[in-house]
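What follows is a single structure, written as structure tokens, with notes after it.
The values are calculated or read from the model by the stated rules, or taken from the named source; none is laboratory data. These numbers were taken from a predicted model, which means no experiment stands behind them. Ideal geometry is used to build each Cβ from the backbone, glycine not excepted, and the neighbour counts take in all protein chains shown. Remember, those area values only see protein heavy atoms, side chains included, never the ligands or the DNA or RNA. Shrake-Rupley method; radii C 1.70, N 1.55, O 1.52, S 1.80 Å.
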Amino acid sequence: MEGKYRIVPDFYMPDSCMKMHPDTAYRLGIKHEKYRILKFGTSSCLIQIMISSSMSPKKLQISRNVLHVMHIPLTPYYEIRNKDPELLLGPYVGLLTAPTEEVLREMLPSLTSYLADYETIGGAVLAFSFDGVERESSKIRGYLFNPQTKQWDEGIYGYPASLFSTVEVSLTRKWRQFQSLLHHFHSVMGNHVFNYPVFSKWEMYESLHPLPGLNQFLPETRLYQHPMDIYQMAKKYKKVYIKPIFGRLGLGVMKMIKTGLSVEIRYRKDHQNIKMSFANPDECFRFFDHVLIPGQYLLQVSVDLISYKKRMIDFRVMLVKDQLGKWRDIGFFARYGPENSVVTNITAGGSTECGEAALKRVLRLKDDKVKEIREKVRGLSIKSAKAIEAEGIHCGNLGVDIGIDKNDKLWLLEINNQNPDPYIALVAGKSDIFYRARRFNMLYAKKLAGFQ
């Protein structure tokens, strides 16, 4: 691998030393042997640089005590950067992927998809769970990707230089633990942690609604505090969505439809459409007072979205940052909900296809009109992402949900930064987009680790 080095221990080398070939020293701008601070992940150690023509140009030798103290694994292929007075060894990237060790072990085979282009990414990649973090010692029990065997090696390692979280626990008992853990890593690693913090649907609305150029794309939204809030909104608009502010995968979403004094509630459960009817407001109030927690749900005006054969359609835009930290719109997919369903999520029984194909088939648009809508969707998505980041949220991977109503107006329905998995691309038969998303995720994490 060009520009990559293997680390080899030297049993006879003095403590706290690194030996390199003259060509390596020249490339790093090191003209003579001197002391530098070696940095790997969040660990650092003062070392003496030794230059020797007997060394292989593709290898670095490091004293055993340094390897032990800094927990530097030998299996990865590393890059090295001179940031005088520091020498950065890496990249060293962490993937926080599961709440428990058991779940992590089950996920390991699928995590290899992040390293399909390991030759470009390089370095150490550590997958770990909540259970593996030892805060007091700044150590992690996890699984390190071995590029030679394509397997994951279990061990004890130090904290990485950058961290990418893919955990989805917002509706579970692990939510507070997740928030505490991410706060801890942010306090140690600073802005090298993404996506952090996880923002809610309500926080998204509060951030974007005041902004000219964006607020006209947002359906009217309010924070739920009392059943009367829902009733008053439904009285005005007839149809209202009720969504958990930290919900995902369509879980907990309800739709309220008001006709005269009667009210109908629709939602999706166990892959079935459920309907409940209430003859008067009092019955409705008692129901919502029982099932909803004030401040944990938002109320959103129901937009009359386009549909196909009684299947509601919205669109998912895949936004990822590249190795330069710039947003890339790499995927546009239509999501078809089950017949008469209130949600479109694939996990709730929906299906998907490329967004352009859906626009042609459902709206019968010609290529030039499809291209026009696609560019508007791209512009709205990236503008929204930048506005969210201006609020101090470090994003690198977003799923932007766009609706199109029956008058061809675009609506910004939701932005997900908890873990907008590119799995939708696989379902749509676009594995190239799936792997491209994974690759950009890792290249951005590599950039944050100090290697661009």
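When you count the other C-beta atoms within 10 angstrom of each residue and take the mean per peptide, 350-360, 146-156, 314-324 line up highest first as 314-324, 350-360, 146-156.
Of 18, 276, the residue with the largest accessible area leads and the full order is 276, 18 (1.4 Å probe). Binning the C-alpha pair distances of the chain at 20 Å intervals from 0 yields a P(r) profile of 23, 48, 23, 6, 0 %, listed from the shortest bin outward.
Computed over the stretch 301-452, the range of Cα coordinates on each principal axis works out to 50, 30, 28 Å, biggest value leading. The separation of the stretch 271-292 from the stretch 62-118, counted between C-alpha centres, amounts to 50 Å. Amide H contacts for residue 50 (H built 1.01 Å from N in the peptide plane; partners 5 or more residues away or on another chain; cut-off under 5 Å): 18, 19, 20. Computed over every Cα-Cα pair of the stretch 314-395 and binned at 10 Å starting from 0, the pair-distance distribution P(r) comes out as 17, 39, 33, 12, 0 percent.
Among the chymotrypsin sites (Phe, Trp or Tyr not before Pro) within the stretch 348-452, which fall in a DSSP loop and have no more than 14 other Cβ atoms within 10 Å of their own Cβ? Numbers along the way, then the final one.
Numbers: sites: 411, 423, 434, 435, 440, 444, 451; in loops: 451.
When the chymotrypsin sites (Phe, Trp or Tyr not before Pro) of the stretch 348-452 are filtered for loop state and at most 14 Cβ neighbours within 10 Å, nothing remains.
Here's how it looks for residue 10: its modeled amide H is under 5 Å from those of 62, 64, which are all 5 or more places away or on a different chain.
Could you tell me which of 200, 172, 90 has its Cα farthest along the dipole of the chain towards the positive end, charges placed at Cβ (Lys, Arg +1; Asp, Glu -1), taken about the Cα centre? The listed residue farthest towards the positive side: 200.
Under a 5 Å amide H cut-off, with hydrogens placed 1.01 Å from N, residue 79 pairs with 5, 90, 123 among residues at least 5 apart or on other chains.
Positive end of the dipole of the chain (Cβ unit charges, origin at the Cα centre): among 112, 380, 370, the Cα lying farthest that way belongs to 370. The stretch 112-224 has equivalent-ellipsoid semi-axes of 34, 18, 13 Å, by the square roots of 5 times the alpha carbon gyration tensor eigenvalues, sorted largest first.
For a straight C-alpha distance cut-off of 26 angstrom, the lysines reachable from residue 238 (same-chain residues fewer than eight places away being disregarded) are 201, 255, 258, 269, 275, 309, 310, 406, 409. Heavy-atom accessible area, probed at 1.4 angstrom with all protein chains present, ranks 162, 44, 302 as 44, 302, 162, highest first.
Bridges between two residues of the chain, per DSSP, are antiparallel at a rate of about 75%.
Principal axis analysis of the Cα atoms in the stretch 272-357 yields extents of 55, 34, 22 Å, listed in decreasing size.
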